[in-house]
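Here the structure is laid out as structure tokens; the discussion comes afterwards.
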Amino acid sequence: MRKFLFVAIGMLLLAWVPTAAQRMLSLDSCRALALRNNKQLNVTRLKSEVARNTRKAMRTKYLPKVDLVGGYEYFSKEISILSDNQRAALANVGTKATTGLSQNLGNIVTDMAQRGLITPEMAQHMGTTLGQMATPMAEAGNRIGQEIGDATRTDTKNIWAASVMVRQPLYMGGAITAANHIAQIREQMAHNESDATMQATLFDIDQTYWTVVSLRSKYQLAVSFRNLVSKLNSDVHKMIDEGVATRADGLKVDVRVNEADMQVTQLENGLSLAKMLLCQLCGLSLEEDITLADEVNETQTTGSEQAALAVSEAGSMLNDTQENRPELRMLQNAVDLSREATRLVRAEYLPQVLLTGGYMVSNPNVFNGFQRRFAGVWNVGVMVRVPVWNWFEGDYKIRASKAATNIACMELNDVQEKIDLQIAQSRYKLSEAQKRLSVTQKNIASANENLRCANIGFREGVMETTDVMAAQTAWQQAQSQHIDAQIDLRMSQIGLRRALGVLY
């Protein structure tokens, strides 16, 4: 008993291992994985972040800007207020002054002696006295001149300077406002691009998901058909052994069995590839074993109800297409962007007023005789720029920008008309899918009855093998068409919702 219990537990564990390796995915979980792992969608989110930060940066254009500038410079020569000749003249000013004074006084003393106003002894004594006084006076004058020359030196070989500048735009012709509007529009465009990428991703996921479900249903149908043909093949070979059927009948059924086997193999490979594509869209490993929820539960559709609901949604949302379709919103953004670009071009040729202010310090101090100490001065000013003549350059640019706006408006209207046509086509396609589903449901009932009658007739010996194979083929076609109609209804609904811009 204990041994049997261990064996049972081991068999349960072995049965559980491959099941646990599989990953069950629903349509919503596939969508969530795709939205989280899609690289292009992540790129558009980063673009939205870039646009948002750009808009915030553009808002700072309204605010004053403060700049701090500082520096040090070494010059091989210093700035000189006096020339070299003037500096040399100041250095010899005492010598020149005393020389001239001595000559003038000597001439006066000589003239007085010649006129007899003073004696020659007195003139000689006075000349000796003047000669003794000239040297100290020359040295004192030279020293004073040298001091004046030294005082006028600027000592500007080493210069330190720093300043704080404040700039506040007062009127820039509307350029800052237009630039802010452009940044806002670009942020909206980034969001709309993200919405468009998201809807395209969801559309691909939905299509691939239902394609996998369709292939799974067709694979199961092919297996069922192969089982039918295999049973017929077994019956025919038994009849051949009993002599009530010919070998030709057996060969015909053998060919049909081989065709059924090939069909199963093709659908199995197609199902594997479709699942790999779905894994790639979901950001999963291509080798991951997944099972879809609608694979386990057969596709249940209420064709007329779903189609009627989708058509009613289309009627109610038709007027909201402009707001729902991200492509239209992006084209409207392009129109608004072009208009703001026109305002930006116009602002370039309007007057501009800028308020400036600041505080500057330097060493040497240029405001107090080039002192070797830091000192500063503040300033306030207004700058005005008025374009006067540009050979009509502004007019030409504005006309070109307005023409670009008209082009954007025409493209918007053209795409709007095409989207309206796409919505109409999607509605007609949905109605056709609804009718096709109803027809296939009736065809299945007829094919089932036809196959039942063929099997009974074959067992009773009143129908040939070819009749049974024809009934089986008709049954397979009816089942396959019904699967196609179910999936086509799903696809039509997805297409209509995407045309309306509500594929979320």
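Expressed in Å, the radius of gyration and Dmax of the Cα atoms of the range 361-504 are 40.5, 132.
What the phi angles of the range 453-470 give under the Karplus curve with 6.51, -1.76 and 1.60, with θ = phi - 60°, is a coupling list of 5, 5, 5, 5, x, 5, 5, 7, x, 9, 10, 7, 4, 4, 5, 5, 5, 5 Hz, glycine and proline written as x.
Taken over the range 182-298, the percentage of Cα pairs per 5 Å bin, counting from 0 up to the bin with the maximum distance, is 2, 11, 13, 13, 11, 9, 9, 8, 7, 5, 4, 2, 2, 2, 1, 1, 1, 0. Within the full protein context, the accessible area of S230 is estimated at about 50 Å² for a probe radius of 1.4 Å.
Phi angles of the range 62-72 translate, via the Karplus equation with coefficients 6.51, -1.76, 1.60 and θ = phi - 60°, into HN-Hα couplings of 6, 8, x, 10, 10, 10, 10, 10, x, x, 9 Hz per residue; Gly and Pro are given as x.
Once the convex hull of all Cα atoms in the range 211-276 is built, its volume per residue stands at 53 Å³. Rg/Rh for the range 395-468 (Cα atoms only, Rh after Kirkwood) is 1.66.
You can think of it this way: the chain between E78 and T60 has 2.2 nm of extra reach, that is 0.36 nm per residue less the Cα-Cα gap. Apply the Karplus parameterisation 6.51 cos²θ - 1.76 cosθ + 1.60, with θ equal to phi minus 60°, to every residue of the range 152-157 and state each ³J(HN,Hα) to the nearest whole Hz, in sequence, with x for glycine and proline. My calculation for the range 152-157 gives 8, 6, 8, 6, 10, 6 Hz in order.
Peptide packing for 274-280, 351-357 was compared via the average number of neighbouring C-beta atoms within 10 Å per residue; ordered from the highest value, the list is 274-280, 351-357. The order of the peptides 378-388, 452-462 by mean Cβ neighbours within 10 Å, most packed first, is 452-462, 378-388. Out of all Cα-Cα pairs in the range 332-398, roughly what percent, to the nearest whole number, are more than 21 Å apart? The share of Cα pairs beyond 21 Å in the range 332-398 comes to 57 percent. Straight Cα distances below 16 angstrom link K231 to the aspartates and glutamates D241, D249, D254, E259, D261, E464, D467, with same-chain residues fewer than 8 positions distant left out. If you wrap the Cα atoms of the range 431-504 in a convex hull and average its projected area over all directions, you get 5.4 nm².
Per residue, the convex hull spanned by the Cα atoms of the range 181-245 measures out at 47 cubic angstrom.
In terms of its Cα atoms, the range 40-88 spans 81, 26, 13 Å along the principal axes, sorted from long to short. Distant-in-sequence amide contacts of A375, defined by a placed amide H-H separation under 5 Å and a gap of 5 or more residues or a different chain, comprise S362.
The values are calculated or read from the model by the stated rules, or taken from the named source; none is laboratory data. As the structure is a prediction and not an experimental result, all values here were calculated from the model. Using ideal geometry, Cβ is built from the backbone for each residue, glycine included, and neighbour counts are taken over all protein chains shown. Accessible surface areas use protein heavy atoms only, side chains included; no ligands, DNA or RNA. Shrake-Rupley method; radii C 1.70, N 1.55, O 1.52, S 1.80 Å.
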